[in-house]
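Below is one structure; the comments refer to it alone.
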Amino acid sequence: MEAARWQGSGLSEDSRARMNTECVGWAYTEETTLTRRHLTASDRYLIPSAEVLFEEIILKSRFLTYLAPAGTVLEAQAYLEKIRQIHPDATHHCWAYLIGPPGSSGHVGMSDDGEPHGTAGRPMLNVLSHSGVGDIIAVVVRYYGGTKLGKGGLVRAYSSGVQSGLQSLVRHEKVTYQSFRVLLAYSSVDGFKRLLEEVEGLLEGESFGLDPEFKIKVPKESSAFFCESLTNLTAGEALLETLS
């Protein structure tokens, strides 16, 4: 026999019991501030889509500027080692990376690799920090041509190489998602899917038993709006569980 259901077309008694025993990862309180888009710098930002190479000759020195995606410090270090292996005879392999949102300083690194202090890594990092791009590494390979550029010339050479590379860099948006498991009544499925589309969420799995169950991902900056809207849509009868 089908389990008794809530008043109207709500969840089954079985799902009601699960709501009482399972961890619901979101709850609305009077202090909760909910907006359609609560965007923070770390939720959504541009990152490189692919590697870029820019090459120029300055006073007989050959400069090759590589830009590439690097989502972690280990990825940045691995990419640097790759470039070193490609150019083992280069005079310098100067580099800078920025892991995380544009302009953040939590995970950054740089090196002059034998150039005068402050003439390579720092200027490169400064350009990256103001580029509007995150999760990125820049490596500038120099083959010395016999003419010294001076400190000012080196700063201009290394920073302009990164700037020129950025002009050709293809970018795409990195979105931070929050995963949820949702259990609701059949009568709420259409509205739920419209809401998921509105917040640019992703449907990762679904099953249709006594009550429909969905596994979804929602952009982090929209998660509060989504939770409030789902609560209103289902008159508070939906089970919403935050997944790690």
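Quickly run through region 161-186 and pick out the residues that are of a type in the set (Ser, Thr, Tyr), surrounded by fewer than 16 Cβ atoms within 10 Å (Cβ to Cβ) and modelled with pLDDT under 90.
THR176
Residues of region 166-194 being of a type in the set (Val, Ile, Thr), under 19 Å from ASN232 (Cβ atoms) and not in a strand (DSSP E or B), which ones?
Within region 166-194, VAL189 is the sole residue that qualifies.
Can you tell me which condition TYR158 does not meet? The list is (1) at pLDDT 90 or above; (2) assigned to a strand (DSSP E or B), and all the others hold.
Every condition holds for TYR158 apart from (2).
Scan region 101-122 residue by residue and report those that are under 19 Å from the mean Cα position of the chain (by Cα), surrounded by fewer than 19 Cβ atoms within 10 Å (Cβ to Cβ) and part of a loop (DSSP other than H, G, I, E, B).
Result: PRO102, GLY103, SER104, SER105, GLY106.
Restricting to region 154-176, count the residues that are of a type in the set (A, V, I, L, M) and farther than 15 Å from LEU128 by Cβ.
Residues in region 154-176 being of a type in the set (A, V, I, L, M) and farther than 15 Å from LEU128 by Cβ: 4 in total.
Check GLU206, GLU197, GLU213 and return the single one that is assigned by TED's automatic domain parsing to the domain that holds LEU239, surrounded by fewer than 15 Cβ atoms within 10 Å (Cβ to Cβ) and either part of a strand (DSSP E or B) or at pLDDT 95 or above (or both).
GLU206
Scan region 122-153 for residues that are closer than 12 Å to SER61 by Cβ and touching a Lys or Arg at 6+ places or on another chain (Cβ under 9 Å) and jot them down.
Selection gives VAL141, ARG142, TYR143, TYR144, GLY145, GLY146, THR147, LEU149.
Being over 19 Å from the mean Cα position of the chain (by Cα), under 17 Å from ARG44 (Cα atoms) and not hydrophobic (A, V, I, L, M, F, W, C) is the requirement here; does GLU198 meet it?
yes
The values are calculated or read from the model by the stated rules, or taken from the named source; none is laboratory data. Fair warning: this is a prediction, and the values are worked out from it, not measured in the lab. Because the Cβ atoms are built from the backbone with ideal geometry, glycine has one as well, and the counts that use them run over all protein chains shown.
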